[in-house]
Structure formats: C-alpha cells, structure tokens
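Here the structure comes first, spelled out in structure tokens, and everything after it is commentary.
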Amino acid sequence: MTDLHLLLTLGTIHLLALASPGPDFALILKIASREQRSTALTAAIGISLAILVHTVLSLTGVSLAIQSSHTLFVLVQLFGALYLGWMGLGAFGVQAWLQRALATRSLVEAQANELPTSQSAINDTNAKRYEELNNRLDNDLGKSVSDNTMSATAGLLLGLSTNLFNPKALVFFLTLFSSLITPAVSNQTKLLAAILLPLLSVIWFAMLAMLLSHARVQQRLLRFGRYIDYLCGAIFLTVSVAILLRLLTA
C-alpha cells in the first residue's frame, strides 16, 4: 500500500533542500547565465540523474555500506571535496591563470632551444609569440555567451558529476531515508519515492534554467558575469572547505 503522507513528507523536505543555495544551484546559475538554454537544461537533467543514483543507493543500502566503511567513506568525502574545490578555483579563474603560466613557461623553454641571428630577431620573435599566446588564451578563456562554448553533453556530464561527487548529497539522502523509510514501508512506496525525488529535481532545476537563460535575463546577468563566477566559486569552495574541515576534526 502506498504511503502518501510519507511521500509528501519526503517531497517537502527535498524541495526545501533544493531551494537552498548549494553547488547544484551555483552550477545552473553559472551555465544558464552564459550558455545555450539546451546546455542549462541538460545540466539540470544531469543533476536529477545523480539524485536518482543517490536515491537508489540509499534505498538499496549501498550508501549505508559506504558510510559504514570508515576508509571508503573518508576517500569518498575527500575526492568529493577536492572535486568541488577544483571547480571553485576554476570559477575564480585560478585554472586559467595556471594555464597561462604553463603556456608561458613552454614558450620560454622553446625559445631557449633556438638560436636567433640577432638580439633584434629575439625581441621580434618574443613579442609576436607572446601576443599570439595571450590572444589565444584570452579567446579560449573569455568567450561570450554567443560562442556557446559548452555542448549539451558537457552540461549533462557536469551536472551529473557535480551532484554525484558531492558527499553532502550522499549524507543527505542517507539520513533522509534512514529516518523516514522503515522496514514496514512497502516496495511500491519506495519505488514512487525513487521516482518522485528526481522528478521534483528536474522540474526545479529546469525552471531555474529556463528563467536564467531567458534572453533578457541572460543579458542582465552577463553584466555581472565576473561576480556570478565569484559567487559560484565561493559556494563550491565553502562546501569543499567544510567537508575537509570535518574530515580533519573527525
């Protein structure tokens, strides 16, 4: 027999969790503000698929097994924290800075192996190469929304990985189901719960994606593109640091 009250409770708690700012919200905000609407929508689908995975893992006891193994649970949290931290640094432009630094170093090493005929030739060659390097990096790292740099598939995978590798999501669903899903709950109710939570997720994030990727909204958001990146980066890094601190103090 289906427990409608239980499903309503699960849906309400899940909606409140969805509405709170976190890595998933930050990702949709970042993508929808500068990419094609289709990319933002596939990112929403990717997040919802990850939530489906978390739901199934929690209902089948796999998540509990992971949490019960101290070493495995620490490794899962550590990997998730590092992944979210890397995304946060990317939003702040640290990855772009590293890319530029490595490219410049490669250029310097290449120049050291060459023997130009004069100092003038050295200066001319250096100037041209540095200009080409900076232009190429600026084009790669500073493309506008009209360039649609991210494919729909990339959006799907990014949404999937962002939620799937977030240890807080694993703990949330494990806590939610262990508190509300008792042995007396029917398989039919469990199946409906596994459908309900991802469905609510895709509806919520698709609505956000549709709203934020609207042409007028997107144009306004682009004016604050740098600040949106910083906000998203701060959210990713906050979650990452919180997980790492919990691991260090455990």
Test each condition in (1) at pLDDT 90 or above; (2) crowded, with 22+ Cβ neighbours inside 10 Å; (3) over 14 Å from the mean Cα position of the chain (by Cα) for R34 and report the one that comes out false. (1)
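Please pick out the residue among M1, M87 that is open to solvent by 20 Å² or more (accessible area, probe 1.4 Å), touching a Pro at 6+ places or on another chain (Cβ under 8 Å) and modelled with pLDDT under 90. Before the answer, list the steps.
Details: M1 fails: touching a Pro at 6+ places or on another chain (Cβ under 8 Å).
M87 is the lone residue from the list that is open to solvent by 20 Å² or more (accessible area, probe 1.4 Å), touching a Pro at 6+ places or on another chain (Cβ under 8 Å) and modelled with pLDDT under 90.
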One residue is enough: does the range 61-80 have a residue meeting the conditions hydroxyl-bearing (S, T, Y) and surrounded by 14 or more Cβ atoms within 10 Å (Cβ to Cβ)? yes
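Matching residues to (1) in contact with a strand residue (DSSP E or B) (Cβ under 7 Å, 6 or more places away or on another chain); (2) of a type in the set (A, V, I, L, M); (3) open to solvent by 80 Å² or more (accessible area, probe 1.4 Å); (4) in contact (Cβ under 8 Å) with a residue 40 or more places away in the chain:
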residue	(1), (2), (3), (4)
A169	no, yes, no, yes
T175	no, no, no, no
A209	no, yes, no, yes
R220	no, no, yes, no
I228	no, yes, no, yes
I235	no, yes, no, yes
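Going by the conditions given, is L197 assigned to a helix (DSSP H, G or I) and at pLDDT 90 or above?
Values: assigned to a helix (DSSP H, G or I): yes; at pLDDT 90 or above: yes.
So L197 passes the test.
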Contacts under 9 angstrom Cβ, first residue in the range 67-92 being outside any helix (DSSP H, G or I), partner among the charged types (D, E, K, R), 6 or more apart: F92/D229
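The values are calculated or read from the model by the stated rules, or taken from the named source; none is laboratory data. Please read these numbers as outputs of a predicted model, since none were measured by experiment. Every residue, glycine among them, receives a Cβ derived from its backbone with ideal geometry; neighbour counts consider all protein chains shown. These accessible areas exclude ligands, DNA and RNA; they are computed on the full protein's heavy atoms, side chains included. Shrake-Rupley method; radii C 1.70, N 1.55, O 1.52, S 1.80 Å.
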